[in-house]
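Asks: Handing you this structure, nothing more for now.
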Amino acid sequence: MILTTDLAGIGVGPFNLSLAALLEPVRDVRALFLERREQFAWHPEQLLPGARLQTSFLKDLVTPVDPTSRHSFLSYLRARRRFYEFLNADQTAVLRAEFADYLGWVAGRLASLRFAAPVDTVRLDGDHLRLEGRAGIVETRTLVVGTGKRPHLPAWANEAAAGTCVHSSSALSTMPGLRGKRVAVVGGGQSGAELFLAIAQGLFGPAAELAWISRRATFAALDETHFVNEWFTPGFVERFHALPYLRRRALAPLQKLAGDGISSDTLRDIYGHLYERRHVVGDGHTLRLLPAREVTRLRRDGHGALLEMTSQLDGSVDRLAVDVVVLATGFTGSLPECLAGLSHRFETDPGGNPVLGLDYRLLWDAPDEVKIFLQNGGEHSHGIADPQLSLMAWRAATIVNAALGREVYDLAEQAPIVDWQTVDTQRRDRPSVFEARIRRLA
């Protein structure tokens, strides 16, 4: 049986869930979203006790573009009969587990979602795309890919014995009992911080020793100050997208702590725990903080392993005996395997990344009426906000408008409070530091 739709989506994470929620009231569009998992789940392995969002709950699936939607977080609170208690709790950030429950609540209300429906292949057939998989054959002219990213494993982790390394993406189900073990957490971002604190507090059993290793010069806080947050606005995304490739590439590292820093609350909790262990409990020596270290090798050492690290300060080599290494090393993007047969037709930039229009449409050699959009695959083209929740509703609405060729959602904004456009175009005699960085990249 062949099912024909106006729009099909591969993957049902928050980003395609936002798209599905915004398409629901558009009655003249038949949409279908296919997900390989048996049911909706949002990073279930990372829902550690007390873990909180780093994004406002108002930046939910729909509110930024349609505050009246029945799929808003406020509608969820009312449906769960907890609106007033939520207000009285006066939370600076929402628990990640509660936001995950909200996402699942929305997923359960949308008829356009199909679970246990992996897509094996996608091919171009004349003026439409054919998706083939467990759900049968789906034909569409518009495809939105939102399959997320895969865990990043450092090359040195491949040398570890089975069971030695655990990635944060599967921490809750694959973490061994840590009682009496020597443990190292590698990664200086929010996930590393949360796992370090959870292990220090004995969530997986009392570890004999625990070290936290990071390449960064220190365990740095998330930069969420007022003007930095302007990077997470449509106005900045539009300006960033218009920059040449090398300028975008040079700017990206300067924005890192705006999206990959540690929340101040988490840092406060960690420091407070360290203080208690050092000065009250008296076993603070079992907890070590090791910033400015680059792990270069992991080799077996008796019943455990030996981590080798190069100091970023003086180039010296440290060695640390461990039994378990927890990898909070993030994720890496890639197109799903089902698009392998089409990938040679996609236009790429000098870094090998797919070229995306401002509306997130892939550029490729297909008929104009056949459109592929990519969610969470455009950090190189749209900037730091791309993998974050902050602009997911705006991006989904942008895709809705572009896919249907009409303004379903009014996305007009006032001019940004920060002027991102060039004010003085006169050439300087000497290049700026930023221009020097671009030249080195070139």
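The values are calculated or read from the model by the stated rules, or taken from the named source; none is laboratory data. In this text the structure is predicted, and so the values were computed from the model without any measurement. Note: ideal-geometry Cβ built from the backbone for every residue, glycine included; neighbour counts use all protein chains shown. Heads up: the accessible areas ignore ligands, DNA and RNA and are worked out on the full protein's heavy atoms, side chains in. Shrake-Rupley method; radii C 1.70, N 1.55, O 1.52, S 1.80 Å.
Asks: Measure off 7 Å from each Cα along the Cα-to-Cβ vector at R27 and E347, then give the distance between these two points in nanometres to one decimal.
Replies: 3.8
Asks: Enter the angle in degrees (range 0 to 90, nearest 10) between the Cα long axis of helix 392-404 and the first principal axis of the Cα atoms of the chain, meaning the one along which they spread out most.
Replies: 20
Asks: Using 0.36 nm times the number of residues separating K256 and D318, minus their current alpha carbon distance, what extension gain do you get?
Replies: Once the chain is fully extended between K256 and D318, it gains 19.7 nm.
Asks: Now a separate question. If packing is taken as the mean number of other Cβ atoms within 10 Å per residue, what is the order of 117-124, 398-405, highest first? Intermediate results must be reported in sequence, preceding the final value.
Replies: Values: 117-124: 17.4, 398-405: 19.6.
Sorting 117-124, 398-405 by mean packing, highest first, produces 398-405, 117-124.
Asks: Among Y76, F115, F86, whose Cα projects farthest towards the positive end of the dipole of segment 46-118, with charges put on the beta-carbon of Lys, Arg (+1) and Asp, Glu (-1)?
Replies: F115
Asks: Moving on to the next point. Round to the nearest 10 and give me the degree value, 0 to 90, for the angle of helix 264-276's Cα axis relative to the longest principal axis of the chain.
Replies: Taking Cα atoms only, the helix is inclined about 20 degrees.
Asks: What order do you get for 59-65, 415-421 when each peptide is scored by the mean count of other beta carbon atoms within 10 Å, highest first?
Replies: Answer by packing, highest mean first, reads 59-65, 415-421.
Asks: Once neighbouring chains are kept in place and the probe is 1.4 Å, which whole percent of the accessible area of segment 58-120 is contributed by carbon and sulfur?
Replies: 51
Asks: Another question, if that's okay. Calculated FRET efficiency, E132 and A340, Cβ-Cβ r, R0 22 Å, to nearest 0.05?
Replies: That pair, E132 with A340, gives E of 0.95.
Asks: Taking Rh as the Kirkwood radius computed over C-alpha pairs, what is the Stokes-Einstein D of segment 141-238 at 20 °C in a medium of viscosity 1.002 mPa s, expressed in µm² per second?
Replies: D, rounded to a whole number, is 130 µm²/s.
Asks: Computed FRET efficiency, Cβ-Cβ of F227 and D265, R0 22 Å: what is it to the nearest 0.05?
Replies: Rounded to the nearest 0.05, the efficiency is 0.55.
Asks: Here is a follow-up. Take R80 and A93, extend 7 Å from each Cα along the Cα→Cβ direction, and tell me the distance between the two endpoints in nm.
Replies: Taking the two extended label points, one gets 1.7 nm.
Asks: When the scattering of segment 129-191 is computed by the Debye formula from its Cα atoms alone, each counted once and equally, what is log10 I(q)/I(0) at q = 0.15 Å⁻¹?
Replies: Evaluating at q = 0.15 Å⁻¹ gives log10 I(q)/I(0) of -0.69.
Asks: May I pose another question? Please report, for the Cα atoms of the chain, the Rg to one decimal and the Dmax as a whole number; what are they, in angstrom?
Replies: My reading of the Cα-based Rg and Dmax gives 23.4, 72 Å.
Asks: Scan segment 208-261 for chymotrypsin sites (Phe, Trp or Tyr not before Pro) in coil per DSSP, keeping those whose Cβ has at most 16 other Cβ atoms within 10 Å, and list them by number.
Replies: Those satisfying the criteria are F227.
Asks: If N is the number of residues in segment 25-95, what value comes out of its Cα radius of gyration divided by 2.2 N^0.38 Å?
Replies: 1.35
Asks: Please give me, ordered by residue number, the trypsin sites (Lys or Arg not before Pro) of segment 74-113 that lie in loop per DSSP and have at most 16 other Cβ atoms within 10 Å.
Replies: R80, R81, R82, R109
Asks: Just subtract the alpha-carbon distance of A111 and H152 from 0.36 nm times their residue separation and send over the number in nm, one decimal.
Replies: 11.4 nm
Asks: Now a separate question. Compute the accessible area per residue over the chain, keeping the other protein chains in place, probe 1.4 Å, unit Å².
Replies: Computed with neighbouring chains in place, this is 50 Å² per residue.
Asks: Ignoring ligands, DNA and RNA, what percent of the accessible area of segment 126-252 is carbon or sulfur (1.4 Å)?
Replies: Result for segment 126-252: 52 percent of the exposed heavy-atom area is carbon or sulfur.
Asks: Along segment 85-90, what does the Karplus equation 6.51 cos²θ - 1.76 cosθ + 1.60 (θ = phi - 60°) give for ³J(HN,Hα), rounded to whole Hz, x for Gly and Pro?
Replies: Using θ = phi - 60°, the values come out as 5, 4, 5, 5, 5, 6 Hz.
Asks: Ignoring everything but the protein chains, give the 1.4 Å probe accessible area of D223 in square angstrom, nearest 10.
Replies: Near enough 60 Å² of accessible area.
Asks: Report the label-to-label distance for L411 and T4 in nanometres (one decimal), using points 7 Å from each Cα along the Cα→Cβ vector.
Replies: With each label placed 7 Å out from Cα toward Cβ, I get 2.8 nm.
Asks: Considering only protein heavy atoms, what is the solvent-accessible area of D368 at a probe of 1.4 Å, reported in Å² to the nearest 10?
Replies: 120
Asks: Provide the FRET efficiency to the nearest 0.05 for the D125-H285 pair, computing r from the beta carbons and using R0 = 51 Å.
Replies: So the FRET efficiency works out to roughly 0.20.
Asks: Let me ask something additional. For R27, R293, give the ranking by accessible area with the largest first, probe 1.4 Å.
Replies: Details: R27 200, R293 60 Å².
Highest to lowest solvent-accessible surface, that is R27, R293.
Asks: If you keep only loop residues by DSSP, which GluC sites (Glu not before Pro) in segment 1-68 have at most 11 other Cβ atoms within 10 Å of their Cβ?
Replies: Of the GluC sites (Glu not before Pro), the ones in loops of segment 1-68 whose Cβ has at most 11 other Cβ atoms within 10 Å are E38.
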